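Below is one structure; the comments refer to it alone.
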Amino acid sequence: MISNLDTIAAIATPQGFGGIGVVRISGPKSREILDRLWKGKVLSGDMKPRTLYLGELCCDGDIVDRVMAVYLPAPSTYTGQDMVEFSCHGSPIILGKLVDAAIAAGARAAGPGEFTRRAFLAGKMDLVQAEAVADLISATSEASSKNAARQMSGELSRAISAVSEKLLDLRSFLEASIDFPEEELPELMGSDRIAKMGEIVAELSKLSGSYKEGRIMKDGVTTVIAGPPNAGKSSIMNAITGESRAIVHHLPGTTRDVVESMITFGGYLYRLRDTAGLRDSACEVERIGVDRARGELGGADLVIYVIDGSRPLNDDERKMLSSLDPSMSIVVINKFDLPQVFSPSDVGEIFNGLILNVSAKTSEGIDGITSAMRNIVTHRNVSSEGSEIVTSARHKELLDAALMSAREADDAIADGMLPVEFIVESIRVSHEKIAEILGENIDDALLDRIFSSFCIGK
C-alpha cells in the first residue's frame with residue numbers, strides 16, 4: 001500500500017538524452033537527503049528556500065554531476081510536502097545515479113503520478129485538476145492543450161462545484177422540511193428553491209453534452225476515408241498527410257486493413273483511417289477488410305467519401321452517397337486530371353453536402369479537403385466557445401448518472417404526488433456522483449486506477 005509518509009524520488013524529465021534533466025524528491029526526508037548528497041560553497045543547511053544553488057552531488061564519495069539544487073519547504077509546494085529538485089545534465093546515466101543516490105539516502109522510487117496524487121491528497125488541487133495535469137502532458141493538439149490548461153486552472157471544477165452547491169443546498173432544504181405537515185407540501189413544491197431543480201438539470205445536461213466535442217479535442221477527429229475500390233482513397237490520404245503510409249496500386253482491393261495516419265492542423269489532431277474499398281468480394285480476406293471499413297464508418301467523426309470521376313457511379317455508390325450525413329461528410333470526386341463522366345452538380349442531386357473536385361495524382365484540390373475538414377470541425381464546435389468542456393470518460397459517466405437522478409427529482413417535483421423523501425434520495429444520489437468527479441469521498445482503488453496512467457515523476 002502506498003504511504004504518503006514515505007519520501008519519494010523520480011526523474012521528472014522525459015527519457016533519453018537532453019541538455020538538462022530534473023530529479024524531484026518529495027517527503028519528510030527531502031532536506032535530509034539533500035544534506036547527505038550536496039557539496040557546495042553554500043552548505044545545504046544554509047540554503048534559502050526557493051533559491052537555486054550551484055554545487056556538486058556526490059554518492060559514496062564520488063562526484064556524480066555538477067547541478068543546480070533548490071529546497072522547497074512545505075506547505076507551499078506542488079505536493080504540499082518538503083521538496084528538493086536537482087537540475088543536472090540530461091544523461092540517463094547521471095539521472096539514474098541521482099535517483100539511486102536519493103534512494104540510498106532514504107527515499108523510495110515514486111510510482112506513476114505519485115507527486116500529483118500527493119498534491120491532490122494535500123488539497124492542492126481537486127481530482128479534475130489532477131487529471132488535467134496528465135491531459136496537458138499528453139496533449140496532441142492546440143485545442144487539447146488549451147482545454148487541459150483551462151481545466152488545470154480550475155475552470156471546469158468551478159462549474160461542477162457550482163452545480164454541487166446547488167444540489168447540496170436543495171437537499172438540505174428538503175431534508176429540513178421532511179417533518180412538515182402534509183398540507184404544506186404544495187407550498188413547499190412551489191418555492192423558488194425547488195424551481196432551481198430545472199436549472200440544475202439543464203446545467204448537468206450541458207456539461208454532459210460537451211463530452212462529444214471534448215472527446216474530439218482530447219483524442220482527435222476520427223476521419224474515415226471510404227469509397228469504392230480503386231477510387232484513390234490511399235492516394236488521397238497520402239496527399240493530405242504528405243506521407244506514403246498507404247499502399248497505392250492500380251489494381252482494386254489493395255487496401256484490406258485499416259491504415260491510420262495522423263496530422264494536426266487548425267488546432268485539432270486528425271486520425272485519418274484509410275479503409276478497404278466498399279464492394280462485394282469473393283475473397284474472404286478482402287471481405288473482412290470491407291466489414292471493418294463499414295464498422296469504421298459507424299464510429300467516424302468525419303467521413304471523406306472518395307469516388308472516381310472518370311467512370312460512372314454505380315448503384316452501391318449512389319446508395320452510399322444518399323446515406324451520408326452532410327454535417328460530417330465530404331465527398332471527393334477524385335481523378336479530376338482525367339476526362340470526367342459526371343459533375344459535382346450530378347452528385348449534388350444525391351448528396352446535399354460539400355463536394356470537391358480533386359486530383360490526388362497532381363495534388364490539385366487537396367488544400368480544399370483540409371480546409372473543408374477544418375471548417376466542419378470548427379463549425380460543429382463553435383457553440384461551445386466560452387463554455388466548459390468535459391474531456392474525461394470518467395466525468396461523462398458520472399455526469400450522466402447525476403443527470404439521471406436529477407431528472408428523477410425534477411419529474412417528481414413536477415408531478416407533485418411523490419413523497420419528499422423520494423426527491424431527497426434522488427438529489428442525494430445526484431450530488432454524490434458530482435462529488436465523486438471532484439474526488440470527494442473517493443477510495444484508494446479508484447485513485448490507483450486514475451494515477452496509474454500518469455508518467456513517473458509527475
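Nothing in this text is a laboratory measurement; each read-out follows from the coordinates by a stated rule. These numbers were taken from a predicted model, which means no experiment stands behind them. Please note: Cβ atoms are built from the backbone with ideal geometry, for glycine as well, and neighbour counts cover all protein chains shown.
Per-residue ellipticity at 222 nm from helix content only, as computed over the chain with -39500 (n - 2.57) for each DSSP H run of at least four residues, stands at -14500 deg cm²/dmol. Between E349 and R50, the modelled labels are 7.4 nm apart [label points 7 Å from Cα along Cα→Cβ]. Straight-distance candidates among the lysines for linking to K233, with alpha-carbon spacing under 21 Å and chain neighbours fewer than 8 residues away dropped: K319, K335, K361.
The Cβ shell under 11 Å around R66 holds other residues with a net charge of -1, Lys and Arg each +1, Asp and Glu each -1.
For the chain, relative contact order (Cα pairs under 8 Å, six or more residues apart, normalised by length) works out to 17 percent. Rounded to 0.05, the FRET efficiency of the N4 and S323 pair, given R0 = 56 Å and the Cβ-Cβ distance, is 0.50. Gyration tensor over the Cα atoms of region 8-125: the corresponding equivalent ellipsoid has semi-axes (square roots of 5 times the eigenvalues, largest first) of 21, 17, 12 Å. What are the lysines whose alpha-carbon lies under 17 Å from the alpha-carbon of K433, with same-chain residues fewer than 8 places away excluded? Hits, sequence-local ones excluded: K166, K206, K396. Going from the residue with the fewest nearby Cβ atoms within 10 Å to the one with the most, D443, D337, D325 rank D443, D325, D337. For region 1-76 versus region 108-122, the inter-centroid distance based on Cα atoms is 17 Å.
In this rough spin-label picture, where each label sits 7 Å from Cα along the Cβ direction, the T264-D367 distance is 2.3 nm. Amide H contacts of Y71 (H built 1.01 Å from N, in plane; Pro and chain starts excluded): R50, T51 sit under 5 Å, all sequence-distant by 5 or more or on other chains.
Counted by Cβ distance under 13 Å from T79, the other residues give a net charge of +1, where Lys and Arg count +1 and Asp and Glu count -1.
Distant-in-sequence amide contacts of D65, defined by a placed amide H-H separation under 5 Å and a gap of 5 or more residues or a different chain, comprise L57.
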